[in-house]
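See below for the structure under consideration.
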Amino acid sequence: MDTKAAILALLGVWGVGTCGSVIPTMAQETEDAADDHGEPNPLLNKVWVRSEADDALPGPMQIFLADGTLVSDSCWETYRLSKWQQVSDTAISWDEDGMTINADIASLSDSELVLNLKLGSETQEQRFVSATVPYVCPDMVK
């Protein structure tokens with residue numbers, strides 16, 4: 001099963017996979033799934049897992065879907081669906097609890113993503129790697 005099929009299966013299990021009234025969002029309008037040269041955008045439709053995650057809070061991940069939906073999840077908290085958009089070749093933004101999070105794409109390849117999140121007056125670097133399949137969250141210490 002490829003990554004895209006896994007994402008669709010995961011969304012279907014969550015009950016958000018195939019809604020009858022999906023509204024197109026800004027990511028689809030501002031950035032197609034391919035760049036100007038017809039190359040696929042490596043950011044899209046891939047499960048990105050934080051590479052420097054805290055062992056006590058494992059598995060934070062982001063999935064930037066081409067339809068403008070951002071799926072955020074981890075092994076320790078409930079998933080979140082947000083709207084996101086690609087502002088330019090090197091910048092993205094998304095809505096989180098009514099606030100816009102802006103991030104510069106410092107590095108992007110098929111296997112690695114580095115974001116610099118602009119959080120007020122500070123910048124936070126977040127590093128991600130493409131998820132390996134299968135992936136199962138470890139048991140949480142109780």
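The values are calculated or read from the model by the stated rules, or taken from the named source; none is laboratory data. Please read all numbers here as calculations on a predicted model, not as lab measurements. A quick note on method: Cβ atoms are made from the backbone with ideal geometry, for glycine too, and the neighbour counts reach across all protein chains shown.
Values for this structure:
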| quantity | calculated |
| --- | --- |
| Residue match in the stretch 76-99 (condition: touching a Gly at 6+ places or on another chain (Cβ under 9 Å), within 18 Å of Asp55 (Cα to Cα) and not hydroxyl-bearing (Ser, Thr, Tyr)) | yes |
| Spans of strands (runs of 3 or more DSSP E) in the stretch 76-142 with at least 2 residues in contact with a helix residue (DSSP H, G or I) (Cβ under 7 Å, 6 or more places away or on another chain) and either farther than 15 Å from Gly59 by Cα or in contact (Cβ under 8 Å) with a residue 12 or more places away in the chain (or both) | 80-88 |
| Top-ranked residue in the stretch 51-71 [being free of Cβ contacts under 8 Å to residues at least 24 places away in the same chain and not hydrophobic (A, V, I, L, M, F, W, C); ranked as nearest to Val114 (Cα to Cα)] | Pro60 |
| Residue list for the stretch 48-67, filter: assigned to a loop (DSSP other than H, G, I, E, B) and at pLDDT 95 or above | Leu65, Ala66, Asp67 |
| Residues of the stretch 39-91 satisfying the condition of being touching a strand residue (DSSP E or B) at 6+ places or on another chain (Cβ under 7 Å) and of a type in the set (Val, Ile, Thr) | Val47, Val49, Ile63, Thr69, Val71, Val87, Thr90 |
| Filter pass, Ser121 being surrounded by 15 or more Cβ atoms within 10 Å (Cβ to Cβ), modelled with pLDDT under 95 and small (Gly, Ala, Ser) | no |
| Every residue from the stretch 45-100 that is among the charged types (D, E, K, R) and out of contact with any Lys or Arg (no Cβ under 6 Å at 6 or more places or on another chain) | Lys46, Arg50, Asp54, Asp55, Asp67, Asp73, Glu77, Arg80, Lys83, Asp89, Glu96, Asp97 |
| Residue list for the stretch 94-118, filter: more than 14 Å from the chain's Cα centre (by Cα) and under 21 Å from Trp76 (Cβ atoms) | Asp97 |
